[in-house]
Each structure stands twice: as structure tokens, then as C-alpha cells.
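Scroll down for the structure; my scribbles are underneath it.
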Amino acid sequence: MGTLGFNRAALINVGFLESSNSTDYIAMHDVDLLPLNEELDYGFPEAGPFHVASPELHPLYHYKTYVGGILLLSKQHYQLVRPGQPALLRLQMCNGMSNRFWGWGREDDEFYRRIKGAGLQPVPCPVGPSLLSSRLLVQTPACDFLAGSGTSEELVLFRPSGITTGYKTFRHLHDPAWRKRDQKRIAAQKQEQFKVDREGGLNTVKYHVASRTALSVGGAPCTVLNIMLDCDKAATPWCTFS
């Protein structure tokens, strides 16, 4: 089990970096959140980031700025590469997730502030006719949503509609008692968890791959990575346990 705490955000960054160049989007998916409704859309989020586990459907988290649980993003949106920017600036808009969140929770809230600062805003679905204005209404089987005019500044975050199972849409298996050590917060960490990390992310995550295991799930090939994260104890002393 090691001496380091759990770091969901850093592991998502690693998943992004280790994924094949042939993949065009990622699913940031909590392992303890199981979908129960087959009408949920896991398809490519062509119009923009798609929050599958929206506050209207998640069994526990109902605040409007929640973007955790299950979030689908194209690789471009995860980095937020904007047209015309030099290569060295391409990761500065969103830069994946912060690596400072050791232990359970808060990394999703920080990521919301990142994507909001990069020009992404939640849009409830369906969208009423009064909101169309000069934008384009795109329809899919899962959701009607308002799309921007094509400029990166107008990207929005989409959520499902037409799902009638409400808070019973998912089974949530999370039990804090299973990993009590990941619930602990030391004094400095309590303050830091409410700040936006403007420096760290995809470009600062440090790790090595301990092993790779090839599997087949439902006939689809997949690879399970055993990741060993590195921790800068000077910057985040709360990453380890005494």
C-alpha cells in the first residue's frame, strides 16, 4: 500500500500521458461510481466536455459547480490547446489537473475553477429557445445543448437530459471507513485545498510505470498500469503518512 496517500488527479494526468496517440478522448471516471442506466452517453464529446455524473443524477453531490464522478473530455480540451498559440503555451490554459491533492476529495472543485478560467461554463440541458441567439443548437439522442460558434472562448460544459432515474442513476460504493487515512487533513493541507494551483498539472506530474498488464474486458482490449507516483515533500508534505 505504500506510504503515499491516494492522488486521483495525478493518476488521471498519468492516464492522459500514457494513453495511446490513437485515442481522441478520455473518461475521468471514479472507480466507485457505477452507472445503472443504459441511456447514459459515453460517446465522444464532440461539442465539448460532457459531465455524465451531473449534480441532478449523482446520488451524493448536488451542487451546481460539481464536475466530478464521470467527466468526458477530448484530449484537446484536457490540455485546452487554443489555435494560434505557440507550443510552449499550449498547456497553460488548463494543464490537466493539479497534483497537489493527496488524499480524498477537493481535486474536482479545483479542476472546475481551472476549466472555468479557461472559458468553459456548465450548460443545463435541454436549452430553451430563448437562449439560442447567434449560437448553434446541436441535438443528440442524449441531450440538446448549446454549442459555441466555433471559437475556443465559447466552449461550454454539457450535461445529460432525458434521464429519468434521478439519484438512482448510479450506484455509489464509496465508504470513507475503508481508507480512513485518505480522509485526514493536516493544517497546511486544509488551507491549500481551497486554492487554485496555477503552476502544476500535466507538465509537473512525476511517476514511473511499475508494470503493465494486458486484459480483455467484454472482448475489448485494455491495459492496466501499476503507477508509482513521486511526491515533492517540500511542496506537499501531506502526501505521506507518518
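The values are calculated or read from the model by the stated rules, or taken from the named source; none is laboratory data. Since the model is a prediction, treat every value here as computed from it, not as a measurement. For neighbour counting, all protein chains shown are included, and Cβ atoms are generated from backbone atoms with ideal geometry for every residue, glycine included. The area values use the complete protein model at the heavy-atom level, side chains included, leaving out ligands, DNA and RNA. Shrake-Rupley method; radii C 1.70, N 1.55, O 1.52, S 1.80 Å.
So what's the gap between the Cα centers of region 1-30 and region 205-235, to the nearest angstrom? When both Cα centres are located, 8 Å separates them.
With a Förster radius of 22 Å applied to the beta-carbon distance between residue 32 and residue 206, the computed FRET efficiency rounds to 0.25.
Estimated at 0.36 nm per residue, the fully extended path between residue 63 and residue 217 surpasses their Cα-Cα distance by 52.1 nm.
Of the peptides 99-105, 218-224, 15-21, the ranking by mean beta-carbon count within 10 Å, highest at the top, reads 99-105, 15-21, 218-224.
If the limit is 24 Å between Cα atoms, which of 75/116; 64/168; 168/195; 64/233; 75/206 go over it?
Over 24 Å Cα-Cα: 168/195; 64/233.
Note on residue 195 and residue 227: their simple-model spin labels are 2.4 nm apart, each label 7 Å out from Cα toward Cβ. Computed on protein heavy atoms with a 1.4 Å probe, the accessible areas place 241, 50, 6 in the order 6, 241, 50, largest first.
For region 212-227, the Karplus equation 6.51 cos²θ - 1.76 cosθ + 1.60, evaluated at θ = phi - 60°, returns couplings of 10, 10, 7, 9, 10, 10, x, x, 9, x, 8, 10, 9, 9, 9, 9 Hz by residue, with Gly and Pro reported as x.
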